[in-house]
Ligand SMILES: *Cc1c(COP(=O)(O)O)cnc(C)c1O
């Protein structure tokens, strides 16, 4: 891993000229003289390009070209670019020296870089003549980079990478991963990406944010935060590896980049998933997938065996009595493998339902031709243990009872302790779909009398999708040989293959996903285990409900039945349009989930994944922004 050896800065909007206003005003004035009124947003669009290219890009904007056609009775052409640029250049030259104030934190950060022997280069959309003015002004203030490269030096400007590469040549620095580019426009980010260096956007005072210092500083803190988040999204969507708010954050980022695993670049997410899974995972979990593994090699199988042991330890204190079997596919495949592999031909399944995931277990029994009874408590009803006791007393044919722990359909948390007591007292097998709760809510399968608990990689353990797992009571599973209604979903065969092959799966296993899961388990331990994760989710959930209530959104459930996993909210009024709400939040960086029940119009917001209090607060600000503008 090469340490960072050079930083290449952009000039206007990045190291000098807060907000990059010098060229902006001149573009607007020059076009105005020719009868074309540009909006500031239009004028800013190509910012970062060489200035002649910028003039051309503006002139050939469809709206501008059409207007030009009307005014001049012909389409714009290259000679017009020359003429406009001929006026632009001297006008800009006249104002440049007043727009060369070095920005906050630049000198301190440069001193930090120099102390570490990190070189400082620069690229720009200005010409060499313009740069003579700007560099002289900057030098008076103490900012003197080791290299200054303009488009004239290499023949082309951004987004092509050649100015940046010329810097590396001049500074004698390589490979590109030892270099950080910092800029304030989309063209800057693209230049960095195209050169293969770490590409970083600086937010405050950037052209993308497009505000003067006084305008920005007059904002309320919440508005400032929103403006920053919006600018960050623009950078990340352009391919930035990271963003910093101000230059003062660059040293910490450089230290982080130096430490990033094996030169591997994992981009930030453009939005946070507030969903029940797949959910937002950490960069380190995603980075764990960037290596290939052989499915029958010992290195990989050792990982699988360790994971199986760790999963059992996560599920119970009585580790000798239980085993963990991993199964390819999404969570439903693992549910189906249990239902299809553990109920004997003459057996019968009782399914307790209050939502879509309970219904799905019923559907599996139907498709597999397994005898079953469904005891439904309604979409928003709680499971009644007395009725369960009565049904078990009356129907001796029932061999197994299945229930969902957290019914993700609504966010309802079912009382599996009471259910388990009755099931065990009546000596039946107990299957729990703890897909969306395992790892996020403390439980012990032995204490709860659970024979088979099912969960998957992409929920509270915070891995990526690709497999599920079953925590099984060995004495129960060992009696299931030959019972399966499916070859690939045969839980017993998968178990014995894993035991005999010391971690070998029967068919191709999702190796990269397993490796990511291993990292996710490590991060769960580092967080402090299930109890600490539960505390974080519960805090997320309380903050969410309090904040949403204050904004006029009532939760479907009172806290008692409510899980810390996902929360359903009622539409605030009949005119509420979920799609518009969803799109508005997504633009601010938050993806939520539609509702799934027929009783009342609802939507859902998840609290699980790499989601923290600050994220929930950010979401609440985005919701507040939406309700203000839409009312
Ligand atoms: C996510 C989930 C499942 C599995 O869904 P898949 O789409 O197959 O991963 C099953 N049950 C519950 C309660 C869930 O939340």
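Remarks
- Annotation: extensible slack from residue 223 through residue 587 equals 129.5 nm (criterion: 0.36 nm per residue apart, minus Cα-Cα distance).
- With R₀ set to 45 Å, the beta-carbon distance separating residue 500 from residue 346 gives a calculated FRET efficiency near 0.95.
- As a rough footprinting exposure proxy, the listed residues 220, 162 were ranked by other beta carbons within 10 Å of their own, and the order from fewest upward is 220, 162.
- Sorted ascending by nearby beta carbons within 10 Å, beginning with the fewest, 129, 433, 80 become 129, 80, 433.
- Contact order for the chain, expressed relative to its length and based on alpha carbon pairs under 8 Å spaced 6+ residues apart, stands at 13 percent.
- Counted over all Cα-Cα pairs of segment 198-306, pairs farther apart than 15 Å make up 73 percent.
- Full-extension gain in nm, residue 306 to residue 169, via 0.36 nm per residue minus C-alpha separation: 44.5 nm
- Proxy reagent accessibility, fewest Cβ within 10 Å first, across 250, 453: 250, 453
- Estimated from helices alone, the mean residue ellipticity of the chain at 222 nm is -14000 deg cm²/dmol (sum of -39500 (n - 2.57) over DSSP H runs with n ≥ 4, per residue).
- Shape of segment 305-345, Cα gyration tensor, a/c cut at 1.5: oblate
- Using alpha-carbon coordinates, inclination of helix 221-237 to the longest axis of the chain, degrees: 90
- With the simple spin-label model, which puts each label point 7 Å out from Cα in the Cβ direction, the residue 576 to residue 144 separation comes to 6.3 nm.
- Principal axis analysis of the Cα atoms in segment 550-631 yields extents of 33, 32, 21 Å, listed in decreasing size.
- Using 0.36 nm per residue and subtracting the Cα-Cα separation, the extra length available between residue 526 and residue 425 on full extension is 32.6 nm.
- With both labels modelled 7 Å from their Cα along Cα-to-Cβ, the residue 255 to residue 95 distance reads 4.0 nm.
- Between segment 204-279 and segment 35-101, the alpha-carbon center distance in angstrom: 29
- Enclosed volume per residue, in Å³, of the convex hull spanned by Cα atoms of the chain: 181
- Global geometry of segment 116-163, whether rounded, prolate or oblate, following the gyration tensor of its Cα atoms and the 1.5 cut on a/c: oblate
- Cα gyration tensor shape of segment 366-424, rounded if a/c is under 1.5, else prolate or oblate by comparing a/b with b/c: oblate
- Between 0 and 90 degrees, the angle of helix 186-195 with respect to the longest Cα principal axis of the chain falls at about 80 degrees.
- Between segment 344-375 and segment 472-521, the alpha-carbon center distance in angstrom: 23
We did not get these values from a lab; they are worked out from the coordinates using the rules stated. Everything numeric here is computed off the predicted structure, so don't read it as measured data. As a convention, Cβ positions derive from the backbone with ideal geometry for all residues, glycine included, and neighbour counts pool all protein chains shown.
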